[in-house]
Amino acid sequence: MEDQNQKDKDSFLHPRGRYYGQFKPKNLVFNANLQQFAQKIGYITSLETSGKISPSDAYNQIKALWKQLKRSKKQLGIGNEPPSEPESPDVT
């Protein structure tokens, strides 16, 4: 029962959405990183809005998270490959 309560708490505090993009392991990893980034930004903005942290602290935390996300994108090589051209239908 304890394990189920912990799983419920974790899924409430850290929800994960489905991934509908092109399946590649690096895309899945980046998607997880992006969801974690969005979740943390939500926490930070809520703390700042309620007066628990200062605007400058919120800004610095968000800036650090953004740099971490950019570093993740670069390390995974997301966006480095040229976009694939969609196949055009034959028009005759």
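Every number here is computed from the coordinates shown, using simple stated rules; none is lab data. All values reported here derive from a predicted model rather than from experimental measurement. So basically every Cβ, Gly included, is an ideal-geometry build from the backbone, and we count neighbours across all protein chains shown.
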Output wanted: per-residue J couplings in Hz (rounded whole) for region 35-46, from phi through Karplus 6.51 cos²θ - 1.76 cosθ + 1.60, θ = phi - 60°, x for Gly and Pro.
5, 5, 4, 4, 5, 5, 4, x, 5, 4, 5, 5
Enumerate lysine pairs in region 23-74 that are 8 or more residues apart or on different chains, then count those whose Cα atoms are under 26 Å apart.
21
Give me a comma-separated list of calculated 3J(HN,Hα) values for region 22-33, in order, Karplus coefficients 6.51, -1.76, 1.60 applied at θ = phi - 60°, integers in Hz, x for any Gly or Pro.
5, 6, 8, x, 5, 5, 5, 5, 5, 4, 5, 5
Inverse of mean 1/r across different Cα pairs in region 23-74, Kirkwood, Å:
11.7 Å
Distance in nm between pseudo-label sites at Ser56 and Gln35 (7 Å out along the Cβ direction from Cα)
3.6 nm
